[in-house]
Amino acid sequence: MISLQNLFFSYGSDFEIHIKQLTIARGEKVAFVGESGCGKTTLVSLIAGVLRSNAGQITIADQQIHNFSDKQLRQFRLRSVGFVFQNFELLDYLNVTENILLPFTLLFKKATPQTLDKLDYLLNAMSIKNKATHKPHQLSQGEKQRVAIARALIHQPSIVIADEPTGNLDPKNSKKIMDLLWKEINEQTTFLMITHDHSLLNQFDRVIHVGEKGLEE
Amino acid sequence: MRSVLFLAYKYIVHNYTKTIILTICLVLTTIVPLAAYFIIENYQNDLKKRAKQVTLIAGKRGNDYDILLRSLYYKGSYPGSLSMKNLEDMKHVGKVIPMYLPFTGHKLYTNNEQNAYYDNIPIIGTHLDYFSLRKISLQQGRLPSILGEAVVGASTAQDMNIQVGDFVLSDQKNLYDISASYPLKMKVVGILRPNYSADDNAIFVDIKTTWIIQGIFHGHDNITKNTQQKNVVISKAKIYEYPQVTLDNLDMFHHHGKAEELPITTILIIARDHKSKTILLGDYQGNENITLIQPLKVIDRLMSLILRVHAFFKAYFILVITTVSLFLVLIIMLSIRIRTQEFQTLSKMGCSYKMLRGIILMEFILVFVISIALSTTCVFIFQWLVPPQYLLQLFTG
């Protein structure tokens, strides 16, 4: 379970975000919507431990991550969080397989046979098996996003955060990506997604509107 | 560490154009000081290797460098002559080897070899002991056993395509000196194995043969042969001198003077012990005509001159390396700026700043290691193609 209590975060005096309370159950699929610049990305970044709040508490699976050291936060992100970015953010000097296994590289861990099985499964599930040794510049936009999803899921994180994963895709590819996400993210995984695409919202358990007045459901 | 190395390696391989440009910059920066260092080091070792075999060198008082370079490398200005008496006077200290070095020669080409390679190769007049001193062995033929025979160094034989049985001709020192002797035609009886020194580019003859070239020893028709008055020497104005020593005219060669006055250029002295050396040095200290040089000491003096050039290279290197380092810092800063998005992504995923710094550092370490390896390889290839003895020509002309 993710719990945010009396959270306050500010970028100087220009931007502030206050959240009295937000609870997200384990395995819940939550969409965050709102105008650009309203703080959606900041909110999920706080939940993922990318940003540190100025005040308040963030508890994830009974761990008070607001008390974590920088190192603990990094370890938490590497082990427990999978990221899918709008611009895919693949490393252009790594091939598809190496990009997918990046969380293990950053953890200084060798891929175990189970990891390789999972990799094989994801390559098949994302229909990119034949592109396993290709570099990102050799892939289509849709393929890049599928690689990014596989990278977010390879280490079986408890939270998957997707920041407008379909923002750069055409409707056909958007649907395909969302179908894959719904298929591959299991019931135990909490899925937090930022989107502007209202047509996708009916698939989520909850839709949270982030605005000037705070959070509204 | 493995992950850092993996990511750095992948980055430099993927961005190979950038890597190649950086590598070239670093190779060009490091190759000059590296080459200077290795070449001077090898040059010094090569100079010392030959010098170490000789305790002292006696020569005409004058320029020590001329005596050293002429005796060991057959280069430089002619230092003047001593006489065989000087050699006799030094025999008590150990082994003494005379060297007479004023002449050069070349292959006597046949009509079919008009365009062949031509160079003035030093003719070394010495004793057979010289070959044992330098541990020179033959690859073909035999050592000179009579006057007028020659053996040729490996490089000279190869360059001039000289075989056993061919002839070499001494060069005339002054074309307009009508009183000078004619060039001597010498039969090649042996080709030496290469010993990668100045000996490879030389023609060796017995020291008496060089006296023939000089005209001190000569052979001519018997001028008393056709006279009926036995006690009176009657000679024609034109005496035929033999231009070549053969078995038929060998006995006719002679000289008209004292043996102790025969000229030599230098004397290589291999002293029996340190005491003999010290006594000999003492004996000749202040001698107005003869000087004794200690080859290793003269080489050290010579090297100190060259090392000044080396010091210049060092200063130049520091300047260049500072400039290149500043450029590298600029490149690193630009690289970080260009890769901001990538680093932010890695950071979001959980990569530490320490690891990010490690990746950048590792990329430059890899490029630097490749560059140094390439520079060193280039220097070794250069040294292989241009051995140190050729570099000597830069200093001796």
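Among the residues of A:91-98, the average count of other protein chain beta-carbon atoms within 10 Å of the residue beta-carbon is 4. Couplings 3J(HN,Hα) of segment A:52-69, computed from phi: 9, 6, 6, 7, x, 10, 10, 10, 10, 6, 6, 9, 7, 6, 5, 8, 5, 6 Hz, in residue order, whole Hz [Karplus 6.51 cos²θ - 1.76 cosθ + 1.60, θ = phi - 60°; x for Gly and Pro].
What average number of partner chain Cβ atoms lie no more than 10 Å from the Cβ of the residues making up B:337-350?
Values: counts 0, 0, 1, 0, 3, 5, 0, 3, 8, 5, 3, 13, 16, 17.
Partner-chain Cβ atoms within 10 Å, mean over residues of B:337-350: 5.
GNM remark for chain B: springs join alpha carbons under 10 Å apart, and the peak mean-square fluctuation among B:H218, B:H274, B:H127 falls on B:H274. Taking a ≥ b ≥ c as the square roots of the eigenvalues of the Cα gyration tensor, segment A:3-46 is oblate, since a/c reaches 1.5 or more and a/b is not larger than b/c. Listed by Cβ neighbour count within 10 Å, with the fewest neighbours leading, B:M160, A:M1 appear as A:M1, B:M160. Scalar couplings 3J(HN,Hα) for segment A:27-38, obtained by applying the Karplus form with A = 6.51, B = -1.76, C = 1.60 to θ = phi - 60°, are x, 6, 10, 10, 9, 10, 10, x, 5, 4, x, 7 Hz; x denotes Gly and Pro. Among B:L334, B:L47, B:L101, the ranking by other beta carbons within 10 Å of each residue's beta carbon, starting with the fewest, stands as B:L334, B:L101, B:L47. 5 Å is the cut-off here: which amide hydrogens, built 1.01 Å from N in the peptide plane, fall below it relative to A:V160, excluding neighbours closer than 5 in sequence? For A:V160, whose amide H was placed from the backbone, the distant partners under 5 Å are A:G82, A:T190, A:F191, A:L192.
Here B:K258 is the anchor, and the lysines within straight C-alpha reach of less than 24 Å, apart from those fewer than 8 places off in the same chain, are B:K60, B:K85, B:K91, B:K95, B:K208.
Can you give me the span-like helices of chain B, meaning DSSP H runs with 27 Å or more of Cα extent along the axis and Kyte-Doolittle mean at or above -0.5?
Values: long enough: B:16-52 (50 Å, 0.50); B:295-338 (60 Å, 1.71); B:353-385 (48 Å, 1.72).
Answer set is B:16-52, B:295-338, B:353-385.
Counted over all Cα-Cα pairs of chain B, pairs farther apart than 33 Å make up 51 percent. Annotation: amide H of A:I128 has no partner in the under-5 Å range at sequence separation 5 or more or interchain, hydrogens built in the peptide plane.
Full extension of the chain segment joining A:D92 with A:Q141 gains 16.3 nm, where the gain is 0.36 nm per residue of separation less the Cα-Cα distance.
Taking amide H as placed 1.01 Å from N in the peptide plane, A:F32 has its amide H under 5 Å from the amide H of A:M193, A:I194, A:T195, A:I208, each at least 5 places away in sequence or on another chain.
For a footprinting-style exposure proxy, rank B:T278, B:T17, B:T345 by other Cβ within 10 Å, fewest first.
Values: B:T278 12, B:T17 8, B:T345 19.
The order, fewest Cβ neighbours first, is B:T17, B:T278, B:T345.
Restricting to the protein assembly as shown, compute how many DSSP beta bridges are antiparallel as a %, nearest 5.
Numbers: 53 of 79 bridges.
Given both bridge residues lie in the protein assembly as shown, the antiparallel proportion sits at roughly 65 percent.
By the gyration tensor of its Cα atoms, with a ≥ b ≥ c the square roots of the eigenvalues, what is the shape of segment A:2-216: rounded for a/c under 1.5, prolate for a/b over b/c, or oblate? Because a/c hits 1.5 or more and a/b exceeds b/c, segment A:2-216 counts as prolate.
How crowded by other chains is A:63-75, given as the mean number of beta carbons from other chains within 10 Å of each beta carbon?
Per residue, the average neighbour count from other chains is 1.
Among the listed pairs B:K18/B:K354; A:K118/A:K175; A:K109/A:K135; A:K172/B:K354, which have their C-alpha atoms separated by more than 31 angstrom in this model? Intermediate results must be reported in sequence, preceding the final value.
Values: B:K18/B:K354 24 Å; A:K118/A:K175 24 Å; A:K109/A:K135 22 Å; A:K172/B:K354 41 Å.
Listed pairs above 31 Å: A:K172/B:K354.
Residue-wise HN-Hα couplings along segment A:104-118, as the Karplus relation 6.51 cos²θ - 1.76 cosθ + 1.60 with θ = phi - 60° gives them from phi, are 6, 4, 5, 8, 6, 10, 7, 5, 7, x, 5, 4, 5, 5, 5 Hz; Gly and Pro carry x.
A quarter of the convex hull surface defined by the alpha-carbon atoms of segment A:45-150 gives 7.7 nm² as the mean projection. Across q = 0.09, 0.12 Å⁻¹, the protein assembly as shown modelled as identical point scatterers on its alpha-carbon atoms has Debye log10 I(q)/I(0) values of -0.80, -1.17, in the order of the q list.
Where a number appears in this text, it was derived from the coordinates with a stated rule and is not lab data. Nothing here was measured: the structure is a model prediction, and the numbers come from that model. Every residue, glycine among them, receives a Cβ derived from its backbone with ideal geometry; neighbour counts consider all protein chains shown.
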